[in-house]
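Remarks on the structure that follows.
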Amino acid sequence: MAAHFIQANTNGRLHSALEASVSPVNRGFLYGDAVYEVWRTYEGVIFAWDGHWRRLLASAEALFMSVPFSEAKILAEVRRTVAAYRQAVPAAGDLYIRLQITRGEGSIGLDVALAESPGFVILIQPCPLLPAAHLENGLRLSIARTLRRNPVEALSPGWKTGNYLNNILCLREARLRGADEVLILNLAGEITEAAVSNLAFVRDGEVLTPPVGAGILAGITRSCLLESVAPAAGVPVREVALRPEELPTMSECFLLSTTKDLVPVGSIDDVGFRTGAGTLTRKLKDEFARHAQAYVQAHPELKLW
């Protein structure tokens, strides 16, 4: 089956993503020396543009990487790239938008002083849809047993960088056991997150989610849950360190991600959770949809088509 079309924009040049556009000595390619963000659209409006942009700059600052492109410049390039995508795929629905900024090209070597100037790549493709079976029955997760989350003191998971080997290898292990996703523990044996999503649980009517200090990305959807969605739904929510021994005490579990908002989890290894209609997860997912719709109405300046 042929892959769907992906529109690319490399430093302002529009092209198919199948066309090579990055130098072999690009530091993002050689060393993962890059930062990135992913947005999605709702009804053609880029959701949470500001929050993602601020996090991109924070990740770049943590890597001592300059970002010479203004927010206005990148937003204009996103508009150009989306317009090109929709010309190639006229019936496109909502979209996935990925921006990566690398430290650039230069002589081979780890010293950042060898880099010449940063560059960017924008990728546009369809926003993934949550299958009906996953909405009703949830995903199957498995705890990574051979690897742990890289610690904050080494390479902080709070930086959204081009280095994803920790996530990739943990996910590979879970998939080999037939799971859809992985649950990664930190060096202290505490629950952190999935490969590309934050995690939350329901216990006694309260939502619990690991704190950023456990070694997780400060997810934008997670922030929406903590600051807006759960309070609007009248659901108490708390950040707390959690351990895998506590999983049997949880009634529900869900993932949080930009592209799929709240995704129910049906099981983690041999521990099952409630899913479907009538769950707190479904209530919060519905509230998130209202939150996204309100954002769309409040930000016509971010409408791409």
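Which of the following residues is among the small types (Gly, Ala, Ser), farther than 23 Å from TYR164 by Cα, outside the structural domain of SER223 (by TED's automatic domain parsing) and without any contact (Cβ under 8 Å) to a residue 40 or more places away in the chain: ALA83, ALA20, ALA91?
On the way: ALA83 fails: without any contact (Cβ under 8 Å) to a residue 40 or more places away in the chain; ALA20 fails: farther than 23 Å from TYR164 by Cα.
ALA91 is the lone residue from the list that is among the small types (Gly, Ala, Ser), farther than 23 Å from TYR164 by Cα, outside the structural domain of SER223 (by TED's automatic domain parsing) and without any contact (Cβ under 8 Å) to a residue 40 or more places away in the chain.
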Inset, instruction - Can you confirm whether segment 78-94 contains a residue that is of a type outside the set (Val, Ile, Thr) and under 25 Å from TRP159 (Cβ atoms)? - result: no
Inset, instruction - Please give the number of the condition TYR96 fails out of (1) in contact with a Cys (Cβ under 7 Å, 6 or more places away or on another chain); (2) at positive phi; (3) of a type outside the set (Asp, Glu). - result: (2)
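Filter segment 78-109 down to the residues that are polar (S, T, N, Q), under 22 Å from LEU63 (Cβ atoms) and surrounded by fewer than 15 Cβ atoms within 10 Å (Cβ to Cβ) and list them by number. Even if it seems obvious, please write down each step before you answer.
Filtering segment 78-109 for residues polar (S, T, N, Q) gives 81, 87, 100, 102, 107.
Okay, now just the ones that are also under 22 Å from LEU63 (Cβ atoms), so 100, 102, 107.
Residue satisfying the conditions is SER107 alone.
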Inset, instruction - For residues that are hydrophobic (A, V, I, L, M, F, W, C), out of contact with any Gly (no Cβ under 8 Å at 6 or more places or on another chain) and outside any helix (DSSP H, G or I), tally how many sit in segment 122-139. - result: 5
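Are any residues in segment 254-264 touching a Cys at 6+ places or on another chain (Cβ under 9 Å) and under 14 Å from VAL207 (Cα atoms), and if so, which ones? Step through it out loud before you land on a result.
Going through segment 254-264, the residues touching a Cys at 6+ places or on another chain (Cβ under 9 Å) turn out to be 256, 259-261, 264.
Hits for segment 254-264 are LEU256, PRO264.
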Inset, instruction - Take ALA58 and decide whether it is over 24 Å from VAL152 (Cβ atoms), surrounded by fewer than 17 Cβ atoms within 10 Å (Cβ to Cβ), modelled with pLDDT of 95 or more and not assigned by TED's automatic domain parsing to the domain that holds ASP261. - result: no
Inset, instruction - Would you be able to tell me the number of residues in segment 131-154 that are within 25 Å of LEU99 (Cα to Cα) and either surrounded by 15 or more Cβ atoms within 10 Å (Cβ to Cβ) or not assigned by TED's automatic domain parsing to the domain that holds THR192 (or both)? - result: 3
Inset, instruction - Would you kindly identify the strands (runs of 3 or more DSSP E) lying entirely within segment 143-209 that contain at least 2 residues that are within 18 Å of THR258 (Cα to Cα)? - result: 181-185, 191-193, 198-203
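The values are calculated or read from the model by the stated rules, or taken from the named source; none is laboratory data. None of the values given here were measured: they were computed from a predicted structure. Please note: Cβ atoms are built from the backbone with ideal geometry, for glycine as well, and neighbour counts cover all protein chains shown.
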